[in-house]
Amino acid sequence: MSENNTYPFVNLPLPYAYDALEPFIDEKTMHLHHDKHLQTYIDNLNAALEKEARIKQLPLWQLICYTDKLPQPLQKTIRNNAGGVFNHRFYFEQLTNPSDGKPTGELLREINKTFGTVDKLKSELKAAALSVFGSGYAWLVVDGKELKIVTTANQDAPCNYCPLLNIDVWEHAYYLKHYNVRADYINDLLQIINWRVVEERFSKCMT
Ligand code: MN
């Protein structure tokens, strides 16, 4: 998980070059996605928190997942923008090229137990990502101690679960390269997952 988890939020640099994910995700998309879209969520979140002395001390996950405890006029803005910050950091952190292969160890055993094979997991993730109507995410999560695939709408985060991997299916994530073909983007994305990052998340979720 990223540091910089409380106000003022800062747009941390990508952990790789903007063109590192070529040809799967293009450099221009990465610039727009990280420097413009994520930056806007960060700016909006900071602006919403600026005058909220008490709320601005809360860590990001609490802002997202306990939104209904916040003053009503702030709820929508904070849910959308705190979610936008968390979901995008989570997405960018889990990508690498060339992908260092496949899940291993405990995570691999759990994947095989739940889905049969890694390819089967990928096809179920793809189906979930294709099923999101409009903008949102598909997620691989830990539910209790079990792996599960869920989807969220807009910038909602999977608050009831411990997330391992997400697929951003907002059109801004792929439109410049993959146009309207979300399936092609998902196929490309699933080739550049940093499974070492997913394994670290998994071991934290299981402790
Ligand atoms: Mn996005």
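Table for the structure above
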{"read-out": "Lysines with Cα under 20 Å of Lys51, excluding same-chain neighbours fewer than 8 positions away", "value": "Lys69, Lys76"}
{"read-out": "³J(HN,Hα), Karplus 6.51/-1.76/1.60, whole Hz, each residue of the stretch 164-173, x for Gly, Pro", "value": "10, 7, 10, 10, 6, 10, 4, 4, 5, 6"}
{"read-out": "Furthest towards positive pole of dipole, Asn160, Gly116, Tyr179, structure part the stretch 64-207, Cβ charges", "value": "Asn160"}
{"read-out": "16 Å Cα-Cα reach of Lys36 towards lysines, excluding residues that sit fewer than 8 places from it in its own chain", "value": "Lys28"}
{"read-out": "With Cα atoms, 0 to 90° folded angle of helix 105-115 axis to the chain main axis", "value": "80"}
{"read-out": "Cα-centred dipole magnitude for the chain, charges only on beta-carbon of K, R (+1) and D, E (-1), debye, nearest 20", "value": "560"}
{"read-out": "Shape category assigned to the stretch 1-89 from the gyration tensor of Cα positions, a/c cut at 1.5", "value": "prolate"}
{"read-out": "Phi to ³J(HN,Hα) by Karplus 6.51 cos²θ - 1.76 cosθ + 1.60 over the stretch 42-59, Hz, x for Gly, Pro", "value": "5, 4, 5, 5, 4, 5, 5, 8, 3, 9, 9, 3, 7, 5, 5, 7, 6, x"}
{"read-out": "Interchain or long-range residues, amide H under 5 Å from Val142's placed H", "value": "Cys162, Leu164"}
{"read-out": "Cα-Cα P(r), the stretch 77-207, percent of pairs per 10 Å interval", "value": "13, 47, 35, 6, 0"}
{"read-out": "Peptides ranked, highest mean first, by Cβ atoms within 10 Å: ranges 52-58, 162-168, 32-38", "value": "162-168, 32-38, 52-58"}
{"read-out": "C-alpha center-to-center spacing [the stretch 32-106, the stretch 130-165] in angstrom", "value": "15"}
{"read-out": "Of all accessible heavy-atom area on the stretch 63-207, the percent that carbon and sulfur account for (1.4 Å)", "value": "52"}
{"read-out": "Listed residues Lys69, Lys177, Lys102, most fluctuating in the chain (Gaussian network, C-alpha, under 10 Å)", "value": "Lys69"}
{"read-out": "Overall form of the stretch 1-46 per C-alpha gyration tensor (a/c, 1.5; a/b vs b/c)", "value": "oblate"}
{"read-out": "Tensor-based shape of the stretch 109-168 (alpha-carbon gyration tensor, a/c under 1.5 rounded, otherwise prolate or oblate)", "value": "oblate"}
{"read-out": "Distance cut-off 15 Å, percentage of C-alpha pairs in the stretch 142-207 lying past it", "value": "59"}
{"read-out": "Solvent-accessible area per residue, Å², over the chain with all protein chains present [probe radius 1.4 Å]", "value": "49"}
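The values are calculated or read from the model by the stated rules, or taken from the named source; none is laboratory data. A quick note: this is a predicted structure, and the numbers were derived from the prediction, not measured. In this analysis, Cβ positions are derived from the backbone assuming ideal geometry, glycine residues included, and neighbour counts consider all displayed protein chains. Side chains are part of the model used for accessible areas, which takes the heavy atoms of the whole protein and leaves out ligands, DNA and RNA. Shrake-Rupley method; radii C 1.70, N 1.55, O 1.52, S 1.80 Å.
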